[in-house]
């Protein structure tokens, strides 16, 4: 891959990752980065193995996974953050992580730290 192609891919990836909670349209990316749609799709397929839309969906689901692990936000709130309807959200999440968001949260939840320190038993005096 040419250095210029790598540079444009890195800029587009950065733009996508910074705008995961906004509507991202392939044609808008083409206009903004002055690249032909077919060229953009070809670069993504070659560089990342995904189409642009597949990449956007995966990045959104990684964002969701991070929120599920590191916040107590409701799944509904997180789903609204990344847009899309509820049915698509669940399908997309399951396609990427092979489980539902609720299951993912349960599997990755960090247990709370102990709120008490167990007392040690006093050692009996030696006779």
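The values are calculated or read from the model by the stated rules, or taken from the named source; none is laboratory data. In this text the structure is predicted, and so the values were computed from the model without any measurement. Glycine gets a Cβ as well: all are built from the backbone with ideal geometry, and neighbour counts include every protein chain shown.
For region 71-86, the criterion of being in a loop (DSSP other than H, G, I, E, B), more than 23 Å from residue 9 (Cβ to Cβ) and in contact (Cβ under 8 Å) with a residue 40 or more places away in the chain is met by at least one residue. Considering region 23-59, the residues that are in contact (Cβ under 8 Å) with a residue 40 or more places away in the chain and surrounded by fewer than 15 Cβ atoms within 10 Å (Cβ to Cβ) include one that is nearest to residue 84 (Cα to Cα), namely 23.
Being in a helix (DSSP H, G or I) and under 20 Å from residue 105 (Cα atoms) is true for just one of 45, 67. Which residue is that? Break it down into steps so the answer makes sense when it comes.
Values: 45 fails: under 20 Å from residue 105 (Cα atoms).
Result: 67 is the single residue among 45, 67 that is in a helix (DSSP H, G or I) and under 20 Å from residue 105 (Cα atoms).
Only one of the numbered conditions (1) in contact (Cβ under 8 Å) with a residue 12 or more places away in the chain; (2) in contact with a helix residue (DSSP H, G or I) (Cβ under 6 Å, 6 or more places away or on another chain) is violated by residue 15, and that is (2). Filtering region 1-16 to residues that are surrounded by 15 or more Cβ atoms within 10 Å (Cβ to Cβ) and either at pLDDT 95 or above or under 23 Å from the mean Cα position of the chain (by Cα) (or both) leaves 8, 9, 12, 13, 16. Filtered by the rule that a residue be touching a helix residue (DSSP H, G or I) at 6+ places or on another chain (Cβ under 7 Å) and either surrounded by 15 or more Cβ atoms within 10 Å (Cβ to Cβ) or touching a residue at least 60 places away in the same chain (Cβ under 8 Å) (or both), region 60-70 gives 61, 64, 65, 67, 68. Being free of Cβ contacts under 8 Å to residues at least 60 places away in the same chain, over 14 Å from residue 59 (Cα atoms) and not in a helix (DSSP H, G or I) is not true of residue 6. Taking the conditions (1) within 16 Å of residue 95 (Cα to Cα); (2) in contact with a helix residue (DSSP H, G or I) (Cβ under 7 Å, 6 or more places away or on another chain) in turn, residue 75 satisfies each one other than (1).
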